[in-house]
Amino acid sequence: MSATLSASDRGSAPPARGAARLPARDRLIQFALAAIVVLLIATALVPVLYQSVLAAPIYDLTRHFTLGNYLRFAKSQELHAAIANSFILATVSTLVGTAIGVLFAVVVARTNMPGRRIASGAMLLPLYVSHLILSVGWFIMYGPAGYITELVRGALGFVPWNLYTIVGMSALAGISSAPLTFILCIGSLRLLDPSMEDAARSVGAPPLRILWSVTLPIIRPALVYSMMLNFIGGLEMLSIPLIFGRPARLQFFTSLLYSFAGTGTVPDYGLIGAAVVFFLLVITVFVIVQGMLLRKAARFTAIRGKASRPKPFDLGRWRVPVAAAVYIGLLFAFALPLAGLILRAFVEFLTPLMSPWQLLTWDNFTLIFSSPTYVRSIRNSIVIAAFGGAIATVLIALVTVVIHRSDFPWRRQLEFIALYPRAIPGIIAGLGVLWAVLWIPFLSPLLGTIWILIIAFTMLDLPVGYGALSPVLLQIDADLDRSARSVGADWWTTCRRVVLPIAKTGLFSAYVLLFLAFFKEYAAATFLYAHGSEIIGISMLEFWGIGEVGPAAALGVIQFAVTCVFILAAQKWLGVKLHA
Amino acid sequence: MSHRITRRQACCTIPVAAAFALHASRPAGAAGAQLADDIERSKKESRLEIYSNVGTLNWEIIVKAFNTQYPWIRVEALDIGPEEAFERYYAESASGHHSADVIVAASPTSWLRFIGKGELMPVAAAEAAQLPAWSKPYPGLYTFSTDPLILVYNKLLLPVSEQPHSLAQLAQLVASDPGRFRDRITTYDATAHPFALAAHWTYAHVRGWSLLDVLGPATRPEDASGSMIEKITTGEYSAGYFVSGTSTFVRTLQTARDKLIGWSLMRDGTLVFARGIGIPKRAVSTASARLFLEFALSHAGQIAIGQAGLTPYRPDVKSNEVPYLTYGSIAAEIGDKNVIPILYDRAMVTDQNAFLARWKKVYGM
Amino acid sequence: MPRLSVQNLSKRFGEVRALDGISFDVAEGELVTLLGPSGCGKSTTLFAIAGLDRPTSGRITLDERVFFDAERGIVVPPEARNCGLVFQSYALWPHMTVRENVTFPLKIRGARTRAAAVEVDRVLELVEMLPFADRHPHELSGGQQQRVALARTLVYRPGLLLLDEPLSNLDAKLRERTRGWLKELQSRLGLTTIFVTHDQTEALSLSDRIIVLDGGRIMQIGTPQEIYRDPATPFIADFIGGSNFLTGTVQALVDGQAHVSLADGQILSVAASPALAPGQRITVSIRPQSVHLVSAAAADTLASAGRNANLLRGRIVQREFLGPCYQYSVSIADRLVRFEAAEDLASNDATLAVQAESCTVFAFEVGK
């Protein structure tokens, strides 16, 4: 390739287009990448669509077309109730999570509350820890026989909360979604032109009024986006419905699907397919509406005047009370549940009726480490995250480069498709991929291997990688590409030799985020795992399902420990810092 | 797992080893030829897949004993729930995967459906000659264990005088103070899976609804025995009925837990599950499967099953050979007429919707 | 009784003094300009008056109200000072329309909707932006945004109007027009105004008084005419109006004139003053407008005539054609003298004539 280049460059004329090299190579690569992305997502969605119009299971050769599934879905009280519950949970949790997240973001980014960096770090940690771990921790601490519950009952005579209600569950879901709002709003708040708020002060507005009338409306794009992500997160939540919904006699769509994976009466594949299609349609409508709301965001790019440092708002005598509120909130929401989880892992069982010091044991851990099944599940999780994360990073890097740095005619559409998996709940993606594997013969060797998990996770977490890489690529001056092209490099060479090397820090960030995302996935694995390809989350749910909370907590502790070690290692060796 | 073995179990391993020595000699005749053939063929098979609703913890002991006799067979025993075991088999074998070679499940309706689809291989097990007729309801379907559903209670929340030893006693306790026990009693959720359905259906069918009607309003149903036991331990529940004995026995070995929970057979009628074992028609490792089936039904196998926390029923297994219960010891303790076997009754399938409708009303769901 | 009184304002960051003892007064209805190069402290002073920046010491009062007094620990927050501040970037709130932007200050003061709407319309009319009332800021041009920003401050009738380089984001033509419009508006409304700029033309044309700042200190306060004609330092002489500098030594004092000998021996006569004594090294500042080109013949005639004309010979180093005239740089006594002339000189030598009264004398400063 290069020999040809220099030979034709020796003359005064630049290499003619199409001469002396494969002109189609660039397009071929771009099409191949686009095709991979489309295939990945189709693998999850097409089988679901197909099954929804089949009268028998997708693998059953006697299948035939029917619209009866949709009719039966329209009449199914059980499914309607479950879907309604999911939407109620998602709505309330979005409101709660957004309010908390925005308040935290404002306090950390715009005031002089003491210890902001610590609070910011503590608020971000739940993003990298699986919801399952948090939910188990909440159960241990605030469940009906929870530690804190018993303490409060002893002190007050009653307990002001009940996690076995939809309100309680929504509050928990909201707390778990607050960190996402936090991180999205903080970025926006830091970029906010401080003269906006200064102007409001100079015309006489008191601080709270400025927050309400000026600050929040200006960061509205970030707010709307985070609300949508939180809403979808609430819909796809599996851990809280499983752990708290059952005793509350509340069925949610995800827990209903989960029960279908395990026990339950004869499953009706077609009906489930129809329900899932409906669910996805509603989510897609939300995504489109949100896109439309944000299209008018042009008016929010304000022209900056003098470069001025954003001045933190002085809380004055409110410094200490606000700090206290923040820290106490973080303590009760995240620190205590994690502490409870860790404690539970080291005791035979945890009950307020007996002191835990009498019950200390290594049993839970020896159970896990002496069983090849569970050791394998830990190993699988790490391998999938490390190896699968790397594969996903490479794929996403190439796809992002196609979207931002090429003249591929369907760039915008490719971006929409690459971001669509945000709208697919994890357990539904797993179900779809399972049906794909059952249906298409040449895919069947993948069933029960970790490869199918890597495929499913890659598809689900495309938006995560894209979100990390996209801003980095956008910041690289396009002239760098153009100069490479002008000296004769084609698009593919330019990407490999110029763009991607410059974007190295972005690639590391993407890898770290993808590792963490893969590591904490479990919902998508529900339908896809088999003996030999279990992962930590699935094993945790199995233990929980049979009531073995100790080993479940032990697995949670192991997962948490590996996560922390990885984050520290990433900071030290890859230079990737995870903070707001 | 070694620390979990009590002295009683340790004593048992010696007779077990002796038993292996006895049975290691090959039986004569046609059965012997079949066995030799199976042994040879099993060496060429890749692995033995068992789908079950028996816990992984329980399986480890049984598989270890099996491997003492047949060390070359690699066993993968999955605990995936009564319905899922069959569903997975249907889906995977249809697409040509190596699915279950043996199914061990306590789920009468699922077995009936399985047999109805013609998926059961009609194996004639040599050991079956030693077993009672009721444990071999269909050609190829045998019984793995007979597991009782028992009462479990929290010893700190219920003083000795209140600790129930019969269902009637528990019902009386609940009726005496409804406020105290509301949502503090637990049992299986009959709508959750066939195992739970079979338990409640059988009890209602044999003993009637009177006690269930009293207990229903106070009960909060759960999906799994493990959850029931865990929550009785933490005090979320005061007591549970129809709790799986299998799950309870292994947990009482944790010495500290012993201080907190106690259990009892239901003196006025204990449900006993016949946990079915069979070989699917589309099994891949058929020789290994047959060897396992024979082992499970043999004296040595039944003892291993007993050590694992399940309840053996083979008549020549004495109660001092296993750490917990045998079918015989249950009958001896509460009387033959109070043993309520859960059988393969087609009416369970046909009656299902009507039964569940009434059940949901009683349990407020 | 001055309206605004700033006394001894200082702001220190460690060793750096952003403001160093700033003191001045502004009278009712006056337009005072804070003028200086970037970093001189003019914006800092303005923001300190607005309350958005806190000095380390000093005192600020408006009429009887004390806004800031470091010694007595009084700090009035910005929202309570009722000043009108127009930002350099205009700082219009992008999510509100023009009308909503201007209504906001009235809503905060609890005005009723109907009354507020009347006021808002009045003010928008004043700045000629009423037709655009329902647009969003990103739909307006720079000049339009600036007028809306001004309207937003005028609508609540502030006691003090503070303008932070309001014209610097506009193009040259628009700047000129807006300058005149702004001045007319300010004097019509009689608003006490402080104007910050680095542009001397704006300062000279708009101000009632100019305060020249450099390095956090006040260099000179005076009317535009005073500053232009009598700059206090060579820096001001150069900054305002531009200046050429020649250095030399006073030789003799004769007839109310001082004869200064330049580095190349030429003699320059300047007006004598009591501060000058023979032997003193001085810097002479000559405005470019005071330098005239003379032909060789005219030079001889002048030499024998009037005693006030200095003739200096030099070598033309650069000439640029500007359109209406040429700009010359002539080297005299190792210094460059810049000026404009209509003639296109063919030769490389030039003779320049300077009136003695046009020369301003400063004590010698290195670098000037």
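Bear in mind these aren't lab numbers, they're just calculated from the coordinates by the rules spelled out. Predicted model, so just to flag it, every value in this text is computed and none were measured. Glycine also receives a Cβ, built like all others from the backbone with ideal geometry; neighbour counts cover every protein chain displayed.
Brief remarks on what is shown
- Under 5 Å, built H, 5+ apart or other chain: amide partners of residue B:98: none
- Springs between Cα atoms under 10 Å define the GNM used for chain C, and in it the highest mean-square fluctuation of C:31, C:160, C:140 occurs at C:140.
- Loop trypsin sites (Lys or Arg not before Pro), segment C:23-108, which have at most 10 other Cβ atoms in a 10 Å radius of their Cβ (DSSP): C:72
- Taking every DSSP bridge with both residues inside chain B, close to 55 percent are antiparallel.
- Extension gain for residue A:294-residue A:156 works out to 44.9 nm (0.36 nm per residue, less the C-alpha to C-alpha distance).
- Highest-first arrangement of B:293-302, B:170-179, where packing means the average Cβ count within 10 Å: B:293-302, B:170-179
- Seen against the Cα atoms of chain C and their longest principal axis, helix C:113-126 is set at about 20 degrees.
- Residues whose amide H comes within less than 5 Å of that of residue B:143, counting only those at least five positions distant or on another chain, are B:277 (H built at 1.01 Å from N in the peptide plane).
- For C:87, C:132, A:260, order by how many other beta-carbon atoms lie within 10 Å, fewest first: C:132, A:260, C:87
- Qualifying trypsin sites (Lys or Arg not before Pro) for segment C:109-210 [loop in DSSP, other Cβ within 10 Å: at most 14]: C:109, C:112
- Spin-label model, residue C:280 to residue A:479: label points 7 Å out along the Cα-to-beta-carbon direction sit 5.4 nm apart.
- In order through segment A:270-278: 3J(HN,Hα) via Karplus (6.51 cos²θ - 1.76 cosθ + 1.60), integer Hz, x for Gly, Pro: x, 5, 4, x, 4, 4, 5, 4, 4
- Using the Cβ-Cβ distance between residue B:175 and residue A:339 with R0 set to 56 Å, the FRET efficiency from 1/(1 + (r/R0)^6) comes to roughly 0.85.
- Each residue, residue C:295 and residue C:343, gets one label point 7 Å from its Cα in the Cβ direction; the gap between the two is 0.6 nm.
- Total charge dipole magnitude, segment C:4-239, about the Cα centre, Cβ charges on Lys, Arg, Asp, Glu only, Debye to nearest 20: 600 debye
- Longest exposed-site-free window of chain C, the sites being GluC sites (Glu not before Pro) in a DSSP loop that have at most 16 other C-beta atoms within 10 Å: C:129-342
- Relative contact order (%) - segment C:215-295, alpha-carbon pairs under 8 angstrom, separation at least six: 27 percent
- Rounded Å value of the spacing that divides the Cα centres of segment B:248-296 and segment B:301-365: 10 Å
- Principal-axis tilt of helix B:29-42 within chain B, Cα atoms, nearest 10 degrees: 90 degrees
- Exposure proxy order (Cβ contacts within 10 Å, fewest to most) of C:40, C:325: C:325, C:40
- For chain A, the square roots a ≥ b ≥ c of the C-alpha gyration tensor eigenvalues yield an a/c of 1.5 or more together with a/b not exceeding b/c, which makes the shape oblate.
- Tilt relative to chain B, helix B:167-176 - C-alpha long axis, 0 to 90 degrees, to 10: 30 degrees
- In loop segments of segment B:49-127 as defined by DSSP, the trypsin sites (Lys or Arg not before Pro) with at most 13 further C-beta atoms inside 10 Å of their C-beta are B:117.
- Each label point was placed 7 Å from the Cα along the Cα-to-Cβ direction; for residue B:316 and residue B:156 their separation is 4.8 nm.
- Rounded, prolate or oblate (a/c below 1.5 giving rounded, otherwise prolate when a/b exceeds b/c) for segment B:279-365 by Cα gyration tensor: oblate
- Cα centroid separation, segment B:47-94 to segment C:137-193 (Å): 83 Å
- Which listed pairs, of A:75/B:281; B:259/B:361; B:64/B:281; C:107/C:173, have C-alpha distances above 29 Å, in listed order: A:75/B:281; B:259/B:361; C:107/C:173
- Convex hull volume per residue, computed on the Cα atoms of chain C, equals 182 Å³.
- For the protein assembly as shown, the share of DSSP beta bridges that are antiparallel, to the nearest 5, is 75%.
- Here segment C:219-368 is assigned +1 on the Cβ of each Lys and Arg and -1 on the Cβ of each Asp and Glu. Its dipole about the Cα centre then comes out at about 200 debye.
- A cut-off of 5 Å between modelled amide H atoms, ignoring neighbours fewer than 5 places along the same chain, links residue B:104 with B:51, B:52, B:53.
- Put simply, when B:233-246, A:86-99 are sorted by average Cβ atoms within 10 angstrom per residue, most first, you get B:233-246, A:86-99.
- Within straight-line reach of residue A:311, meaning a Cα separation under 18 Å, sit the following lysines at least 8 residues removed in sequence or on another chain: C:11.
- Here segment C:4-239 carries DSSP beta bridges of which approximately 60% are antiparallel, counting only pairs with both residues inside.
- In this structure, residue C:181 and residue C:229 have a Cβ-Cβ separation that, at R0 = 22 Å, corresponds to a calculated FRET efficiency of about 0.20.
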